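Working notes, structure below.
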């Protein structure tokens, strides 16, 4: 274990950028790295379980938690709210785990403001917007209108990449995973399996 004490790892990328795939590989590699489960108002999808991928809550409960200052960060994205509960971070850190966050750029920067000495921010960037568009089209999960919305948001997200500690270009997935693993090993007290 290295001497670094940063315990919060944040991965952000545009939709289709590869952050979820990279997150899964990191979770498989490091035994004391846990996924930070966000709360959301979006509907649960097939194959998802409440408390595993997200805490699925009703909008009134989410808004109540905002009013009670229970979130480190939250944002409305594509008509749904997403947020990170302070209680989730505190519980995992108290249990001596490092946390990985798969959140949007604004949430990542808010988390860094609250935990400036405890967080490592990595932006996973597509090689180009054209490549990102092709990846999204290949998924075949969005309508043409949803695709345009995601691409517009991707441009905005890419404009924040210079505010992150590290940028990893996901041109080759295995290389992007290896680059991210090296950053984590050099900046966090992680324990390999």
Selection count where residues are closer than 10 Å to residue 81 by Cβ and in contact with a helix residue (DSSP H, G or I) (Cβ under 7 Å, 6 or more places away or on another chain), scope region 49-71:
1
For region 60-100, the count of residues that are farther than 23 Å from residue 184 by Cα and exposed (fewer than 11 other Cβ atoms within 10 Å of the Cβ) equals 5
Is region 140-152 home to any residue that is in contact with a helix residue (DSSP H, G or I) (Cβ under 8 Å, 6 or more places away or on another chain), modelled with pLDDT of 95 or more and either assigned to a loop (DSSP other than H, G, I, E, B) or more than 19 Å from residue 74 (Cα to Cα) (or both)?
no
Of the residues 104, 118, only one is closer than 25 Å to residue 21 by Cα and crowded, with 19+ Cβ neighbours inside 10 Å; which?
104
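List the strands (runs of 3 or more DSSP E) that sit entirely inside region 22-137 and contain at least 1 residues that are within 16 Å of the chain's Cα centre (by Cα), free of Cβ contacts under 8 Å to residues at least 60 places away in the same chain and within 21 Å of residue 166 (Cβ to Cβ). Please lay out each step first, then the result.
On the way: elements: 33-35, 38-40, 54-56, 71-77, 80-85, 98-102, 119-125.
Because the criterion is at least 1 residues that are within 16 Å of the chain's Cα centre (by Cα), free of Cβ contacts under 8 Å to residues at least 60 places away in the same chain and within 21 Å of residue 166 (Cβ to Cβ), the strands (runs of 3 or more DSSP E) in region 22-137 that meet it are 71-77, 80-85.
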Residue hits (region 139-164; exposed (fewer than 15 other Cβ atoms within 10 Å of the Cβ) and closer than 28 Å to residue 184 by Cβ) are 139, 155, 156, 159, 162, 163
All but one of (1) closer than 25 Å to residue 27 by Cβ; (2) surrounded by fewer than 13 Cβ atoms within 10 Å (Cβ to Cβ); (3) at pLDDT 95 or above hold for residue 51, so report the exception by its number.
(3)
Which numbered condition residue 177 misses (of (1) touching a strand residue (DSSP E or B) at 6+ places or on another chain (Cβ under 6 Å); (2) closer than 21 Å to residue 53 by Cβ; (3) at pLDDT 95 or above):
(1)
What do you reckon, is residue 182 assigned to a helix (DSSP H, G or I), surrounded by 17 or more Cβ atoms within 10 Å (Cβ to Cβ) and out of contact with any strand residue (DSSP E or B) (no Cβ under 6 Å at 6 or more places or on another chain)?
no
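Can you name every residue in region 153-179 that is part of a strand (DSSP E or B) and in contact with a helix residue (DSSP H, G or I) (Cβ under 6 Å, 6 or more places away or on another chain)? Spell out the reasoning first.
Of the residues in region 153-179, the ones part of a strand (DSSP E or B) are 166-169.
Within region 153-179, 166, 167, 168 meet the criteria.
The values are calculated or read from the model by the stated rules, or taken from the named source; none is laboratory data. Because the structure is predicted, anything quoted here is derived from the model rather than measured. A quick note on method: Cβ atoms are made from the backbone with ideal geometry, for glycine too, and the neighbour counts reach across all protein chains shown.
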